[in-house]
Amino acid sequence: MATSTTKKTTTKTTAAKTTEPAAEKKVTKTVTVKQEDKKKILFVASEATPFIQTGGLAEVIGSLSTALAKTGKFDVRVVIPLYSDIKKEFRDKFTYLGNLYVHLAWRNQYCGVFSYEKEGVIFYFIDNEFYFKRPGCYGYFDDGERFAFFSRAVLEIMPFLNFYPEVMHCHDWQAALAAIYLKTNYCFRQEYQFIRSLFTIHNIEYQGQYSLDILSSLFDIYGKYQYLVEYNNSINLMKGAIEVSERFSTVSPKYADEIKDAYFAHGLDPIIRNNQFKLRGILNGIDDKGYNCELDSHLFKNFTPDDMSGKAVCKQELQKMLDLPQKPDTPIISMISRLVSHKGLDLVTNVIEEVLQDDVQLVILGTGDYQYESYFRDLARRYPDKVSANIVFNGDLSRKIYSGSDIFLMPSKSEPCGLSQMIACRYATVPIVRETGGLYDSIKPLENGYTFANYNAHDMLYVIRKAVEDYKNKKEWAKLRYRAAMSDFSWNKSAKEYEALYLEMLK
């Protein structure tokens, strides 16, 4: 088999010079450790920036691996599938390392291995055109088989690469089988016996559930190990990874607590509670260099937390771009989100017309369920001077909205971590969030935003009106948005917590 390397609606803000002191610059010390003494970490995931991304998982893999490598204490490597959607500009730089055949039940499939080094992290790409030469990453009838092959390939390439990690860090259900295979099919091989596994849940809603009928024929798991993955008379790969891993984690401390409850756990709460002694919650960070109001080339004008004059320009130009009246003293409330119910859109549609009775403008960006797309299009039609509904996915426009808005609304029903509220802070846009998951852990009332606890439309309405009223006090608002802009959401803190967790696992 041949190898393959292929693969509308907006407002304005006044700039106020804050009296807050400039933040003290932190000096990060890099520890020099001999290569042979570095702890070996292997990330196993279905996507990673900058190569392929469908959501926040990719950003975590790309940013956390880099932050850990920069400490100088870890030999960090990442393995993902070689999707056809990975851009040619990257594929042309990949190094072909060779190929092998991966045995999975009755199959014996070709596996090509490519590598690429970036910022101290070595990325490996698993090539098989039958499984991965398709548009996108997910959504195929044979996703179970595709990621079973991928997980098995991860274990098979270790002797090929002569790289046996001390911690194999698996992410979400697509990589769950790597942890399961490690502790079942491979547990009798001497070179694999000292590999610890950490499994991270990014979203517990997606668990990798399949019929027990295909346990052996598709997943190559047989009777004596069935109990590990069996749950509610079906296969549950996430459940299996939780059971076999030395530790498992989520992407925020609050979410780690929430998933012990049936309301958040999508049926897995008994498993979470039974294994809570090995559960950790570590808040994700964001790429603070990529999301930087001082350097971001997408902005109409750059600015800094100490000089917000450029943010006023961003607001004016955003209003102009979205055909909204250019009113500098009218707050722009924005939402950048998938338009689906668990993002709190039922709350928004319930009271947004009451919000629009005040002097505000509303900007929506995103795609999703037809009912919400239609609702916001119609809202923009009925309130042309107040609402801009942009039913698209547009990265450039999102940066312009983050930087040109005054208030960012994120009333999610559940949110494992959330990145948008952190990004909004980076652009001095004050978030309003519901106290759930990572929203609770990252946004603190009147420190860097506004919060409400109950999943209730009028509780949200009260807080929105409070923020709009506070916006009129320019001096105090300038201090609040300064504190928002100075919030530390870098990966440095998260990387230290993962470092401590890895070392705890290795004791």
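The values are calculated or read from the model by the stated rules, or taken from the named source; none is laboratory data. The shown structure was predicted, so the numbers you read here are calculated from the model rather than taken from an experiment. Here Cβ is always computed from backbone atoms with ideal geometry, including for glycine, and neighbour counts include all displayed protein chains. In case anyone asks, the SASA skips ligands and DNA or RNA and just uses the protein heavy atoms, side chains included. Shrake-Rupley method; radii C 1.70, N 1.55, O 1.52, S 1.80 Å.
Note on the range 66-80: residues that are over 20 Å from Gln35 (Cα atoms) and either within 14 Å of the chain's Cα centre (by Cα) or open to solvent by 20 Å² or more (accessible area, probe 1.4 Å) (or both) amount to 0.
Summed over the range 54-65, the residues that are at pLDDT 95 or above and either open to solvent by 20 Å² or more (accessible area, probe 1.4 Å) or of a type in the set (Ser, Thr, Tyr) (or both) give a count of 1. Selection of first residues in the range 276-288 that are closer than 24 Å to Ile423 by Cα and of second residues that are small (Gly, Ala, Ser) and open to solvent by 20 Å² or more (accessible area, probe 1.4 Å), restricted to Cβ pairs under 8 Å at least 6 apart or on distinct chains, gives the following pairs, ordered by first then second residue: Asn284/Gly56; Gly285/Ser63; Ile286/Ser63; Asp287/Ser63. Candidates in the range 130-165 are the residues that are part of a loop (DSSP other than H, G, I, E, B) and hydrophobic (A, V, I, L, M, F, W, C); of these, the one that is nearest to Ile52 (Cα to Cα) is Cys137.
I'd like to check something: does the range 476-493 contain any residue that is open to solvent by 70 Å² or more (accessible area, probe 1.4 Å), charged (D, E, K, R) and within 19 Å of the chain's Cα centre (by Cα)? Walk me through it before giving the result.
Narrowing the range 476-493 to residues open to solvent by 70 Å² or more (accessible area, probe 1.4 Å): 476, 483, 486, 488, 492-493.
Now drop any that are not charged (D, E, K, R), which leaves 476, 483, 488, 493.
Within this subset, residues satisfying the condition of being within 19 Å of the chain's Cα centre (by Cα) are 488, 493.
Checked against the condition, which is being open to solvent by 70 Å² or more (accessible area, probe 1.4 Å), charged (D, E, K, R) and within 19 Å of the chain's Cα centre (by Cα), the range 476-493 yields at least one hit.
Can you give me the ranges of the strands (runs of 3 or more DSSP E) entirely in the range 347-452 with at least 3 residues that are out of contact with any Gly (no Cβ under 7 Å at 6 or more places or on another chain)?
Numbers: elements: 361-365, 387-390, 407-410, 430-434, 450-452.
Because the criterion is at least 3 residues that are out of contact with any Gly (no Cβ under 7 Å at 6 or more places or on another chain), the strands (runs of 3 or more DSSP E) in the range 347-452 that meet it are 361-365, 387-390, 407-410, 450-452.
Can you confirm whether Tyr255 is exposed (fewer than 15 other Cβ atoms within 10 Å of the Cβ), under 22 Å from the mean Cα position of the chain (by Cα) and under 30 Å from Cys425 (Cα atoms)? Against the criterion (exposed (fewer than 15 other Cβ atoms within 10 Å of the Cβ), under 22 Å from the mean Cα position of the chain (by Cα) and under 30 Å from Cys425 (Cα atoms)), Tyr255 does not qualify. Only one of the numbered conditions (1) open to solvent by 60 Å² or more (accessible area, probe 1.4 Å); (2) modelled with pLDDT of 95 or more; (3) within 30 Å of Asn350 (Cα to Cα) is violated by Met460, and that is (1).
Does Lys301 satisfy the condition of being crowded, with 18+ Cβ neighbours inside 10 Å and among the basic types (Lys, Arg)? Break it down stepwise before answering.
Values: crowded, with 18+ Cβ neighbours inside 10 Å: no; among the basic types (Lys, Arg): yes.
Answer is no for this residue.
Restricting Ser403, Ser420, Ser414 to those that are open to solvent by 20 Å² or more (accessible area, probe 1.4 Å), hydroxyl-bearing (Ser, Thr, Tyr) and touching a His at 6+ places or on another chain (Cβ under 9 Å) reduces the list to Ser414.
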